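Nothing in this text is a laboratory measurement; each read-out follows from the coordinates by a stated rule. What you see is a predicted model, and the numbers here were worked out from it, not measured in a lab. When we count neighbours, we look across all protein chains shown, and the Cβ atoms used for this are built from the backbone with ideal geometry, even at glycine.
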Amino acid sequence: MTLRLTLAFVLLIAAVDRVTATDVTSCGQTVAPRDMAVLTTDLTCSSSASGVFLGDRSTLDMNGHTMNGGGVNCIGSCTVTGPGTITNVHAPAHNGAGIVTNGAASRTSKFLAQDVDVSGNDQGIVTQARRVTLIGVNASNNAGDGIETFSKTIRGMNVTASNNGATGLDVQSIGSVRMTGLTASGNGWGGLINDGKRTRLIDSTLTGNAWPPFPDEPTMVDIAIAYNARCPRLVNTTCDHSFRDCHVCSGD
């Protein structure tokens, strides 16, 4: 699905009659599969409680609200739309991630997040959905990764993953990344790491990302790819340092 079609889909969801949606009013609430849910109030959850559980193919509209201390846990495919903020999620709740999706059992699982701020958690987003689409997402200032995926395809537009303790965008599978307007700066373990085969960045900025002090390795890395991967394709994109001898950044 293209970003344009995805956005049209999200707008269609937003147009659903408010009366047909399920109200989310408390921590630990479960949304039935294929249901549309709307967060109707700010939530403050205990460290042992998750915020909201989403069934397969369900949707959560955060409706401008904040979830503090509890995140979103999705089984299968799901959609999370904003505006909205998920913050202060620490282990054991959701393993410390603001949004967790587990779609590993399904070869067709999809995850879409739009206009959501997932910051100040142990990790921002952790997803195993096969296809991931991120639009207007901010995953910054998390203790670990901003976004960690085990996905086949990752598509994004206007995504920020900066000032995280570990990696801005960490792709831990044979994934294909295509992002327009990615900003990843000031992360502690690289701006973008892709263990997959393809990386394409358009109108993006990846600068000032540190790298752990491994012997004979650089101390600053903005883009790192697997040894058997193709060199990243960058279009109108700024970066300082890449890793794997591709020489695509200004300081390589």
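What the table shows:
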quantity: Cβ crowding within 10 Å averaged over residues, with 126-135, 26-35 ranked highest first; calculated: 126-135, 26-35
quantity: Residue-span extension gain [Ile202 to Ser46] - 0.36 nm each, minus C-alpha spacing; calculated: 52.1 nm
quantity: Label corresponding to semi-axes √(5λ) of the Cα gyration tensor in Å when calculated from the structure given, among (i) 28, 23, 19; (ii) 73, 18, 13; (iii) 31, 19, 15; calculated: (iii)
quantity: Overall dimensions of segment 176-252 by Cα: Rg and Dmax, Å; calculated: 11.2, 33
quantity: For Met67, net neighbour charge (Lys/Arg +1, Asp/Glu -1) across residues whose Cβ lies under 12 Å away; calculated: -2
quantity: Rounded Å value of the spacing that divides the Cα centres of segment 136-201 and segment 35-55; calculated: 25 Å
